[in-house]
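All remarks here apply to the structure that follows.
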Amino acid sequence: MNRSVVAAVLFALAITGCGGGSKIVDLTPVPNSEILKRAPNWFTDVPQDPNYLFAAATATSSDMQLAINKAQTEGRNQLAQQMEVKFNGLQKRFQEEVGVGDGSEYLDQFTLAYKSVVSTVLHGSRISKQDLQQERQIWRSYVLMEMPIGEANQQLMAKIKANQNLYTRFRATEAFDELDDEIDRFEQWKKNQGN
Amino acid sequence: MLILTSMLTASFIWVSAAKLADYPPWFLKMPEESGVHFAVGLSRAYAKRDSSVSQAVRDAMYQLRIAAETTIKGERLFQMLPGGRTVYQGEVFLEQPGKAATPCFLDTVEASGMVMVLAATRRPDHYDAEVGTIPQHAPPSWVTDIPKDSNGVYAVGMARAYYYEENSWREAERQARQELAYSIAARQRRLFKGTTETSFGVTASATAVRLTGVQTMERWRSESVCFVLIRADSGATAPQ
């Protein structure tokens, strides 16, 4: 009995000793001050432009490609969220103006129009800048995504115009003026860019 | 000591550039001419050179089909765990190149353990295999600042430098084409659940685009990473 206990203890010690060389890699290290210092300027100071939405994202992985793909996906998630926030605000203002009684039909149609722009596909969401760094055993990627908001505004207006009744009602609101102003600014910006 | 080690490992990928002078000029900066598509076919340098050249020629013809037109459909899945860690849950991508074109082969070079064949859809009016830019060991600007113009869309693809280098370049180009597709149309679907303290969920990022005029513009490599800049016509459409 005593021998078998001693043998079991020795076996357990031997196994534990064999595992001493392995190290666990932290795949999501908390950024320390050195890492933050090396972050590109555009990551901490995201550009501002009325014609674009911007999203700065970072991701880590022991696989270089995954670090890049994760950051790209996170950046596009942020763009999609910004789009939703922007058009939710427009929807809320339209709702306040048309009311919930007779205007509820228009509100439903408007919601349908903006959801078809926001919730389906992001058009033109490109990587503007990127950076790739290796921190010991993991890769850290940074991406700055940009998306021209003007094109999304134009798509929304086109969807609304396709529904004549909704367009007539929408034209009488301040929400229309706001969207129309933004589209005008975008058209002017495109002319200035020579597009 | 730890800080010094991490700073050194962080900067080595940019500092120690490989021997770029080994590559032909047209491999690092592809020729450009209106109405002509260029492509490079790659093969491992086998003991029998004929085998390598045959494989590189076949690859060049395939790359020319992609250059003319290619349809990309795919989706990546990620899971966000409580605590904020994002986990990759797989992807599926299908790429269907357009019809075959009659190629014109312009040059064949063996370097870095690869055989490279430059092909075009027709013989360009102005082309000299020896003329090119001097390879730069510092990373070119497009590696970090992706170019933008009104006539096309650009993307940069990267891949680790594998032992068989042709696989690295192919993978970098594949990644660049996928990013091109995403930049034209990306469908983001998210489902998040959680409390004020923690959240978890899934993200599916899908794309389906037909690209035309897909042209590799430039290539560059550091000691450990291969970079490719590609461009496509801006008039991409959703596939049928």
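Some observations on this one:
Each row is one residue, and each column tells you yes or no for (1) in contact with a strand residue (DSSP E or B) (Cβ under 8 Å, 6 or more places away or on another chain); (2) over 20 Å from B:F93 (Cα atoms).
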residue: B:A138; (1), (2): yes, yes
residue: B:S141; (1), (2): no, yes
residue: B:S150; (1), (2): no, yes
residue: B:A155; (1), (2): yes, no
residue: B:A159; (1), (2): yes, no
residue: B:Y164; (1), (2): yes, yes
residue: B:A172; (1), (2): yes, no
residue: B:A176; (1), (2): yes, no
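Residues are listed down the side, and each one gets a yes or a no for (1) farther than 27 Å from B:D145 by Cβ; (2) touching a residue at least 40 places away in the same chain (Cβ under 8 Å); (3) touching a Cys at 6+ places or on another chain (Cβ under 7 Å); (4) polar (S, T, N, Q):
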| residue | (1), (2), (3), (4) |
| --- | --- |
| B:R170 | no, yes, no, no |
| B:R177 | no, yes, no, no |
| B:A181 | no, yes, no, no |
| B:F192 | yes, yes, no, no |
| B:L211 | no, yes, no, no |
| B:Q215 | no, yes, no, yes |
| B:E218 | no, yes, no, no |
| B:V225 | no, yes, no, no |
| B:V228 | no, yes, no, no |
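- Failed item, numbered, when B:R49 is tested on (1) surrounded by fewer than 17 Cβ atoms within 10 Å (Cβ to Cβ); (2) more than 14 Å from chain A (Cβ to nearest Cβ); (3) within 29 Å of B:I184 (Cα to Cα); (4) among the basic types (K, R): (3)
- Residue within the range A:54-73 that is more than 15 Å from B:R190 (Cβ to Cβ) and modelled with pLDDT under 85 present: no
- Single unsatisfied condition, B:S183 versus (1) touching a strand residue (DSSP E or B) at 6+ places or on another chain (Cβ under 8 Å); (2) surrounded by fewer than 17 Cβ atoms within 10 Å (Cβ to Cβ); (3) of a type in the set (G, A, S); (4) at the interface with another protein chain (Cβ under 7 Å from one of its Cβ atoms): (2)
- Residue tally, condition touching a residue at least 60 places away in the same chain (Cβ under 8 Å) and of a type in the set (D, E, K, R), over the range B:84-115: 3
- Taking the listed residues B:F105, B:F78, the one that is over 21 Å from the mean Cα position of the chain (by Cα), closer than 20 Å to B:R170 by Cα and surrounded by 15 or more Cβ atoms within 10 Å (Cβ to Cβ) is B:F105, with no other qualifying.
- Some residue of the range B:92-99 being open to solvent by less than 40 Å² (accessible area, probe 1.4 Å) and either farther than 30 Å from A:S61 by Cα or touching a Pro at 6+ places or on another chain (Cβ under 8 Å) (or both): yes
- The residue of the range B:153-169 that is surrounded by the fewest Cβ atoms within 10 Å (Cβ to Cβ), among those that are under 10 Å from B:F227 (Cα atoms) and at the interface with chain A (Cβ under 10 Å from one of its Cβ atoms), is B:R160.
- Unmet requirement for B:Y62, which otherwise passes all of (1) hydroxyl-bearing (S, T, Y); (2) part of a helix (DSSP H, G or I); (3) at pLDDT below 95: (3)
- Where B:A155 falls short, out of the listed (1) out of contact with any Asp or Glu (no Cβ under 6 Å at 6 or more places or on another chain); (2) within 19 Å of B:W220 (Cβ to Cβ): (1)
- Within the range A:141-165, the set of residues being surrounded by 22 or more Cβ atoms within 10 Å (Cβ to Cβ) and either modelled with pLDDT of 90 or more or part of a strand (DSSP E or B) (or both) comprises A:S141, A:Y142, A:V143, A:L144, A:M145, A:E146, A:M147.
The values are calculated or read from the model by the stated rules, or taken from the named source; none is laboratory data. Owing to the predicted nature of the structure, the values given are computational and were not obtained by experimental measurement. Note that we place each Cβ from the backbone using ideal geometry, even for glycine, and neighbour counts take in every protein chain shown. The accessibility values were calculated without ligands, DNA or RNA, using every heavy atom of the protein model including side chains. Shrake-Rupley method; radii C 1.70, N 1.55, O 1.52, S 1.80 Å.
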